Structures are given as structure tokens and as C-alpha cells.
Amino acid sequence: MTTVSPQRPWLVTGAAGFLGSHVVEQLLGRRIPVVALDSLHWGNLGYLSPFVDHPLFTLVVADIREAKALRGVFESFRPANVVHLAALHYIPAAVADPPLAVGINVLGTQAVLSASTASGVERFWFASTGDVYAPADEAHHEDDRKEPFNIYGLSKFQGEQLVALAAQSQPAMRFVVGRLFNLYGARETNPHILPEILKQLRDRPGEPLRLGSLWPRRDLVPVTEAARAIIETTLQAPEGVTTLNIATGEARSMQEVIDLIGDLRGQPVPVETDPERVRPVERAHLQADVSRLKALIGWTPHADLRRGLADLLTEEGLLDPAATPGSSTR
């Protein structure tokens, strides 16, 4: 379906993914036309099915590595803004296939950048990661030392450098490098630990969870809040490159997450260590300084993990909010 609107659309790559589907939903909620681009190799078409009859929605099935086809998409739709989320971002998959990770995250990013600059895109939002930072026990500021220690983080850091290079020849464009931290919420497409917890709670009720390490601390970000931050930072960024942490500013361990789930459901959640799920190399602490984000848009994603987990468990059918022990505000 071709969008009929006097307003130039936003183009979202990776639109059928976890974060992408939420960005699409929120843009349409603002009456902004959207071209949703996805190869559907990893994305879930069902996440976009509620929008197929929306007059401002267009779905394009394409691979960002196919530069010629990609240029045709940009020439046809002439998007004003691009949110580039398409990536191989599940770390074990990237580590298992480094050429694929580089092909999608680096070469694919360059193809999207080239098509964007050639077609007159005004704003470009690039999804990077907190994994670009050197390991540290304190919150990371955007200017901290970068030292990615896996192929995923390295490929995203190279993507950041490609954005910086594009900005040199496009001084009037507005680029945002958004370093995403650990997102959680509905529509996850990769087997991260929180979706695995929910799956085991559903499939093996009453049995101990079989998980890897629970001690690493992460900055856990509600995916709907991250999507909103992406839209706002795209709209408010100045000319040039703006690099921002997209996070809450707080870090929690997965053991704390499990304890909260048990509290919300009114019963402890036993856990057993599964040696096959323990990563051989694990970052102990990943937390963001979000002062720059707040200075730009006036707010940051909320850090109320209890509320976020209650929303997720309810949506997944694992919690009855009307009969939830311990669900009152504390």
C-alpha cells in the first residue's frame, strides 16, 4: 500500500523487530507516515500486522545489504527522516558469525547512509550500543573511552564512525548516534535472558529456571520508552552528530529481576545454573550516564523496574494485575 500524504515519511529499517515495531507504532500514533523496511530474516511480520491497513503505513521487504534495491526504495519514497535499527544485534549470534555481523552492521549501515545522503534525508538516527564502552564499574558518559570487546560492539562502533564520516560531507543534516542499553518489553525477537525467563515460566510452571549468570548488572530500559526517546531525539537534535545514551541511568542484576518477578507473582522463583548458558566472557557492569539525553529532550526512560516488569508479565499472560500480591507502590 502506498502512503498518500503531503508529509514526507519516516523510514524505519528493522521495522518488524523488537524496537522497530514500537517505533512504527508510535510514529503512526502521531499521524506520521511510515515506510517500514525489513528483510524479515529475523523480524516478525506479525508485529506489523496491526498497521497493514493504516493509510499512513507502507511495508517494504528488502535487505539493507542490497544497495541498488535500497537506493530504489529511497528514490521512490523520499523519506525526510531515517531511523536505522536493522542489525544483527544478538551477541551470541554475532560472535558465532563475525562476517555476517560485519556485513549487516557495517556494510548495511553504509548502504543506508549512502542512500540517505543521496536522497535528501534531513535527519538520520543510528542504533549503536552501550557495548562500545570499555568495561567500567561506574556509569558511562558519552565521552568515555571506547573499547568494544566483542564483534557486535566493534561493528556498532564502526557504524558510528561511518555516521561521523557521512556528517562531514552533509553539514546541514542532523545525525543521532543512540547508544542503546538493555531493552525489555513485549515483542522481543531474540532469546535474551528475560524472554527466556518468561518462556520457562510459561512452559515449565513450578520448575526451577535454568539460566546462566545472574550477577552482571545492566541498565534495563522499557522498549516503549526507548522508542519514544528515539523519536524525540530525532526531532530535537541540532545539525551535525549528536551522540546519546538511551538508558535509565540505573543498573540492576538479573537476580534482582527474578526476585521482583517472584514478588509480583506471589511466589519465589527458584533458579538452577545451566553451564551451557554461562557466557565465557561477561561484562560485569553496564550503566549509562543519561544527563546529556535529559538535557536534550527534558526526560529519560523510567527506571521503575517493578512497574515495567508488571506491565510485561501482564501482557504475556503471566500476571493477573487484579490479584497480584505485592503489586502496590512502595
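FYI, it's all coordinate maths here, none of it is from the lab. Keep in mind it's a predicted model, so treat the numbers as computed, not measured. Cβ sites come from the backbone with ideal geometry, for glycine too, and all protein chains shown count toward neighbours.
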For the chain, I need the span (max minus min coordinate) of the C-alpha atoms along each principal axis, in Å, sorted largest to smallest. 56, 45, 38
In angstroms, what radius of gyration and Dmax does the range 191-259 have, counting Cα atoms only? 16.6, 54
Contact order normalised by length for the chain, with contacts defined as Cα pairs under 8 Å and 6 or more residues apart; what percent is it? 17
Over the range 88-142, one equal point on each Cα, no solvent: what is log10 I(q)/I(0) by the Debye formula at q = 0.13, 0.26, 0.28, 0.29 Å⁻¹? -0.48, -1.03, -1.08, -1.10
Rounded to whole angstrom, the alpha-carbon centroid of the range 159-225 lies from that of the range 45-115 at a distance of 17
Dipole check, the range 209-265, charges on Cβ (K,R +1; D,E -1), about Cα centroid: among Q255, T224, G240 the Cα furthest to the positive pole belongs to Q255
What's the Kirkwood radius of the range 73-177 in Å, using all Cα pairs? 14.4
Gyration tensor on Cα atoms of the range 25-83, a ≥ b ≥ c root eigenvalues, a/c under 1.5 rounded, else prolate if a/b beats b/c, else oblate, says oblate
Only bridges with both residues in the range 27-139 count here: give the DSSP antiparallel percent, nearest 5. 0
Out of residues 5 or more away from R179 or on other chains, whose amide H comes under 5 Å of its own, with H placed 1.01 Å from N in the peptide plane? S128, L244, N245, I246
Which residue, F18, F124, F77, has the most motion in a Gaussian network model of the chain that connects Cα atoms within less than 10 Å? F77
Find the relative contact order for the range 249-330 and round it to a whole percent, using C-alpha pairs within less than 8 Å whose residues are 6+ positions apart. 43
The lysines whose Cα lies under 21 Å from the Cα of K146, excluding any fewer than 8 residues away in the same chain, are K156
Can you give me the long-range amide H partners of W125? Hydrogens built in the peptide plane at 1.01 Å from N, cutoff under 5 Å, separation of 5 or more residues or another chain. V82, V83, H84, V176
Whole-number D in µm²/s for the range 161-286 (Stokes-Einstein; Kirkwood sum over Cα pairs; 10 °C, 1.306 mPa s): 94
So what is the relative contact order of the range 27-112, in percent, for Cα pairs below 8 Å that sit 6 or more residues apart? 29
Would you kindly work out the equivalent ellipsoid of the range 245-313 from its C-alpha gyration tensor and give its semi-axes, the square roots of five times the eigenvalues, largest first in whole Å? 27, 19, 7
If we count every other residue with Cβ under 12 angstrom of V223's Cβ, Lys/Arg +1 and Asp/Glu -1, where does the sum land? -3
Let me know the shape class of the range 1-127, please: from the alpha-carbon gyration tensor, a ≥ b ≥ c as square roots of the eigenvalues, rounded when a/c is under 1.5, otherwise prolate if a/b is greater than b/c, or oblate. oblate
For E66, project a label point 7 Å along Cα to C-beta. Then give me every residue of the range 72-97 with its amide nitrogen under 12 Å of that point. 72-73
Amide proton proximity set for D289, modelled H, under 5 Å, gap of 5+: H140, H141
